[in-house]
Amino acid sequence: MLRYELPVTFNGVLLNDFITPSFSTDTGMLPETSDSALSFAEGIGERFTRRKYGTRTIKIPYAMHNPTEAKRQSLIEALAVTEPKKLTVGRTPDRYYLAIPKNSEFTIGGFRTSGTLEFICYDGVSHSNDITTVTGQSGTDITVTNAGTAPTAPILTATMADDNGVVAWTNDAGGVLQFGANDEIDGVTKERSEQVYHYTFDSEPTDVTLNDGVVAYPLFNGSESMPNQQTGPFDYTRTPGTATPASVRTADMKWSGPSMSGKLPVNSAGKLNGNFQWVNRMKFSTTKNTTGRCEFNLTKGHEVVVSLLLYDNSRSTDMLMFEGTVNGQHLFLDNLPRSYYKNDEYDLVITKLRSQVTFRINRVTLGGGGVETRTVANFDASEIDGWTVWLT
């Protein structure tokens, strides 16, 4: 390249190695424009409403001295791109255009080839090579000044002093950029959510097993001579969208009623011991003269791994017991206050987060509820491949 040439670089290639760009190169003062205006049936003229900037065409006249086929091929290779690339024109080395070549003209005359390279810049603007950096602390205002003439988006980076599940920025116009998961707990890697099953009970599920589940209390008072029974059907027509126990209990059946169970596959990581949340919605009604028991069990083979129980086993007291076990270890037994836990709809929830297990009873219509959280040794390694719900 000669000392007084106009340097032009495209996609990292100095085009002056093949051509001599002309100083009459025109990058245009403004991109193409499209104005909108309102016309009035009566009156003179129009009312301007808005201007939209479009593409920009950059024309670079050039000469190729002592043209050879090798020079032409090298130039073609430098221009053969399938998407916009950086174009820098020497008179403004502090900025670049994102451009893609258009049709070019070639005129061959003896030992000199001349022509014009045309580039289309679809965003219509030039971009600064210099980046202005503004720093600040999390939770404080950061003032950003745009020194250019076109709207631009800032490049946001964050350096974490500790573990964070979510990072968010807001601007003075009410806009929000949020990355991560706002329900992620610090110190725990967020896992991709996978829904294993979801039943609405508009009709009987076809992929479940009835009355052959793994239960926490197979015996009445622990007596081998008095087994509790999984028996009877569910009714899906009495209350639409609900599986209602429809068995008839007799005095010699002890705890009895229908159960529903199913299999759980490995997660996307090929494991059976991942974190999970299991939610069951039920509606119950009990009084001091009635009894009933609900078991929500997560199982491995023929063993109960996690069990949430809700029951009333007294015919003389209006009571409601909330119980949780993990791997045969009894974690809690709460006598729930009936003034707060009335006969209504509830979500019964079991959540696992590594070695931490949480049992929840959430009031659906009234709001609130109760929670019991325990850390259980080696629970992180416990595998689960099935579930059972038993209503007696």
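The values are calculated or read from the model by the stated rules, or taken from the named source; none is laboratory data. Keep in mind the model is a prediction, meaning the values are calculated, not measured. Heads up, the Cβs are rebuilt from the backbone with ideal geometry, glycines too, and the neighbour counts pull from every protein chain shown. Accessible surface is based on the protein model in full, side chains and every heavy atom, while ligands, DNA and RNA are left aside. Shrake-Rupley method; radii C 1.70, N 1.55, O 1.52, S 1.80 Å.
See the values below:
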quantity	calculated
Residue that is surrounded by the most Cβ atoms within 10 Å (Cβ to Cβ), among those in segment 353-370 that are within 19 Å of Ser339 (Cβ to Cβ) and modelled with pLDDT of 90 or more	Ile361
Boolean, Glu383 is closer than 30 Å to Pro265 by Cβ, surrounded by fewer than 16 Cβ atoms within 10 Å (Cβ to Cβ) and modelled with pLDDT of 95 or more	yes
Residue in segment 327-349 that is open to solvent by less than 20 Å² (accessible area, probe 1.4 Å), over 27 Å from Tyr199 (Cα atoms) and in a strand (DSSP E or B) present	yes
Unique residue being among the aliphatic types (A, V, I, L, M) and over 22 Å from Gly115 (Cα atoms) when the list is Leu30, Leu6, Leu87	Leu30
Given (1) open to solvent by less than 30 Å² (accessible area, probe 1.4 Å); (2) not in a strand (DSSP E or B), index of the condition Asp318 fails	(1)
From the options Glu77, Glu42, residue that is in a loop (DSSP other than H, G, I, E, B) and free of Cβ contacts under 8 Å to residues at least 40 places away in the same chain	Glu42
Pairs, first touching a residue at least 60 places away in the same chain (Cβ under 8 Å) in segment 327-344, second among the β-branched types (Val, Ile, Thr) and open to solvent by 60 Å² or more (accessible area, probe 1.4 Å), C-beta under 8 Å, six or more apart	Asp344/Thr365
When residues of segment 336-357 are limited to those that are polar (S, T, N, Q) and in contact with a strand residue (DSSP E or B) (Cβ under 6 Å, 6 or more places away or on another chain), the one nearest to Asp380 (Cα to Cα)	Ser355
Top-ranked residue of segment 95-131 - restricted to ones that are among the polar types (S, T, N, Q) and in a loop (DSSP other than H, G, I, E, B), ranked as modelled with the highest pLDDT	Asn129
Lone qualifier among Val134, Val166 - being over 30 Å from Gly54 (Cβ atoms), modelled with pLDDT under 80 and hydrophobic (A, V, I, L, M, F, W, C)	Val166
Residues of segment 257-297 satisfying the condition of being farther than 20 Å from Arg363 by Cβ, modelled with pLDDT of 90 or more and loosely packed, with under 13 Cβ neighbours inside 10 Å	Pro265, Val266, Gly270, Lys271
Filtered residue count, segment 201-253, keeping only those that are open to solvent by 70 Å² or more (accessible area, probe 1.4 Å), more than 20 Å from Ser285 (Cα to Cα) and not in a strand (DSSP E or B)	12
Pick from segment 21-30, criterion surrounded by fewer than 18 Cβ atoms within 10 Å (Cβ to Cβ) and touching a residue at least 12 places away in the same chain (Cβ under 8 Å), ranking: nearest to the chain's Cα centre (by Cα)	Leu30
Flag if Arg47 is open to solvent by 60 Å² or more (accessible area, probe 1.4 Å) and charged (D, E, K, R)	yes
Which listed residue, of Glu69, Glu77, Glu118, is acidic (Asp, Glu) and within 19 Å of Phe23 (Cα to Cα)	Glu118
Conditions (1) within 14 Å of Leu391 (Cβ to Cβ); (2) assigned to a loop (DSSP other than H, G, I, E, B); (3) in contact with a strand residue (DSSP E or B) (Cβ under 8 Å, 6 or more places away or on another chain); number of the one not met by Met260	(2)
Every residue from segment 2-32 that is in a loop (DSSP other than H, G, I, E, B), modelled with pLDDT under 80 and not polar (S, T, N, Q)	Leu2, Arg3, Tyr4, Gly28, Met29, Leu30, Pro31, Glu32
Members of segment 304-315 that are over 14 Å from Phe284 (Cβ atoms), more than 33 Å from the chain's Cα centre (by Cα) and either of a type in the set (Gly, Ala, Ser) or buried (at least 20 other Cβ atoms within 10 Å of the Cβ) (or both)	Ser314
Condition check for Thr92: at pLDDT 90 or above and under 21 Å from Asp123 (Cα atoms)	no
Count of segment 280-294 residues which are assigned to a strand (DSSP E or B) and of a type in the set (A, V, I, L, M, F, W, C)	2
